[in-house]
Amino acid sequence: MTAATVPVGSDVQELLATLDAELVGLAPVKTRIREIAALLLVDRLRNKAGLSAGSPSLHMSFTGNPGTGKTTVALRMAAILHRLGYVRKGHLVAVTRDDLVGQFIGHTAPKTKEVLKRAMGGVLFIDEAYYLYRPENERDYGQEAIEIMLQVMEDQRDDLVVILAGYKDRMDRFFQSNPGMSSRIAHHVDFPDYTPDELLAIAQLMLDQMQYRLSDEARRTLAQYIELRRERPNFANARSIRNGLDRARLRQANRLVDADGTTQGEALTKEQLMTIEAEDIRASRVFDQSETAEGSP
Amino acid sequence: MRITQGTFSFLPDLTDEQISAQIEYCLEQGWAVSIEHTDDPHPRNTYWDMFGQPMFDLRDAAGVMSEVASARATFPDAYIKVNAFDATRGFETVRLSFIVNRPAHEPGFALIREEAAGRAIRYTIRSYAVERPEGERYP
């Protein structure tokens, strides 16, 4: 079967450029995508020269701490692989354990097979894949689902790409107990934690999307906020930043309404509505050094 | 005697590639594809047995093709057909249906004459295959 799209050099360049622009950091991930793109071009050239070009295995495992962009990248991966011509349809089927594993004997196989059939021609994304295997229960049906998946991953490599995602330590344990799965996955991509600068860039990107802007003072405060937030337990990288920004928006709204004394906001300029001031961020509990509670900052 | 029925009854049997292309078309139209099988070749045998459940939400023919392969492995000597059901209001029916597997040897039909009242003769046909019980018809 032929690929749906015929990528040319410039198309791939454009693809990588948009990826660079829209995803902050994630150097290992971008490197891997670049390598895959290069491999495709080389394979096409080899084909033209009459050399054999076996279809590469593209199953992937994304590991990393919470909020490092695993799900975001996986969602984009389907589109990317489609553009590169690796998958025919380019849709993404996102599932978790519940969609694959049945509740009684004989329920798992049809369930897993149906999911696999739906994912054919696209990408099957299994979030929190380590839940599939539960060593504490030897009669767990997760193992059955894994075995069916392994077979399809091996036999129908051309038809679908499987991406597993999960936290690093748990995925490592999952692969240790399922060596067959580990060896069938060609690309183990580890998502590094973001640096403070990258987190700031991500915050900027999020604010741009939500059509907010930071005052200069607020930008400095946000940088401080990120530094402090990183030290705290339960820090979840970009997700924490998103939550922090959401709370800043709440405080900004509260401040505007308070200052005006009305919810109509007729006196508020567009500028005011868009700008998040330092005090909106400063009010966060992260700045309250003396506080002991471990609740949400 | 080669049994024909369905959308491509006038054509020779489709190859796997052609079957895949037809299924691809069905999925593009948003039709749900299902697989049925039988070992009774009578033309009036409308209700075949389902092989698995109808496949909804599929995007690519590969999923159906793997199911066709498993149906062929399970019933190598049976008639297997692929149906595409259109759920659009106003249609709500099978839009396309064709045979993808048939027994190696199809013995054909006998013409049966029944003498009715007043020297009238009634005619019917009966497949030689159904002389044996279900499941043993195509050894």
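Every number here is computed from the coordinates shown, using simple stated rules; none is lab data. Just so it is clear, the model here is predicted, and its values are computed rather than measured. Note that we place each Cβ from the backbone using ideal geometry, even for glycine, and neighbour counts take in every protein chain shown.
How much of the pair distance distribution for region A:107-189 lies past 19 Å, counting alpha-carbon pairs only, in percent?
33
Can you give the FRET efficiency to the nearest 0.05 for A:Ala186 and B:Leu11, using r as the Cβ-Cβ distance and R₀ = 41 Å? The pair A:Ala186/B:Leu11 has a calculated efficiency of 0.50. For region B:44-101 and region A:230-251, what is the separation of their Cα centres, given in Å? Using only Cα atoms to place each centre, the spacing works out to 51 Å. The modelled label-to-label distance for the pair A:Glu147/A:Ser52, using points 7 Å beyond Cα in the direction of Cβ, is 3.2 nm.
Modelled spin labels at A:Thr195 and A:Asp288, positioned 7 Å past Cα toward Cβ, are 3.3 nm from each other. Largest GNM mean-square fluctuation across A:Phe175, A:Phe104, A:Phe191, computed for chain A with C-alpha springs under 10 Å, falls on A:Phe104.
The trypsin sites (Lys or Arg not before Pro) found in region A:88-192 that occupy coil by DSSP, while having at most 11 further C-beta atoms within 10 Å, are A:Arg139.
Which loop trypsin sites (Lys or Arg not before Pro) in region B:37-119, with loop taken from DSSP, have no more than 15 other Cβ atoms within 10 angstrom of their Cβ?
Working: sites: B:Arg44, B:Arg59, B:Arg72, B:Lys81, B:Arg89, B:Arg95, B:Arg113, B:Arg119; in loops: B:Arg44, B:Arg59, B:Arg89.
Filter output for region B:37-119: B:Arg44, B:Arg89.
Using a cut-off of 25 Å between Cα atoms, the listed pairs A:Lys48/A:Lys117; A:Lys111/B:Lys81; A:Lys30/A:Lys168; A:Lys30/A:Lys89 include A:Lys48/A:Lys117 as exceeding that distance. Taken along the Cα-to-beta-carbon direction at a fixed 7 Å, the label points for A:Asp158 and B:Arg2 span 2.7 nm. Given R0 = 56 Å, the distance between the Cβ atoms of B:Val130 and A:Glu128 translates into a calculated FRET efficiency of 0.55.
Sparsely packed loop sites in region B:18-63 (the chymotrypsin sites (Phe, Trp or Tyr not before Pro) outside DSSP H, G, I, E and B with at most 11 other Cβ atoms within 10 Å) comprise B:Tyr47. Ranking B:Met50, B:Ile125, B:Pro107 by Cα position along the charge dipole of region B:1-133, where only Lys, Arg, Asp and Glu carry charges on their C-beta atoms, puts B:Ile125 farthest toward the positive end. Close amide H contacts of B:Leu96 (hydrogens built in the peptide plane, cut-off under 5 Å, sequence separation of 5 or more or a different chain): B:Ala84.
Count, for each residue of A:206-218, the Cβ atoms from other chains sitting within 10 Å of its Cβ, then give me the mean as a whole number.
0
Can you compute the FRET efficiency between B:Glu92 and A:Asp140 using 1/(1 + (r/R0)^6), with r the Cβ-Cβ distance and R0 = 35 Å? Round to the nearest 0.05. Efficiency, from the Cβ-Cβ distance: 0.25.
To the nearest ten degrees, helix B:16-28 and the longest principal axis of the Cα atoms of chain B are 60 degrees apart.
Shown for chain A are the DSSP H helices of 30 Å or more along their axis, judged by Cα atoms, with a mean Kyte-Doolittle hydropathy of at least -0.5: A:27-48.
Our compactness index for the protein assembly as shown, the C-alpha radius of gyration over the empirical 2.2 N^0.38 Å, is 1.35.
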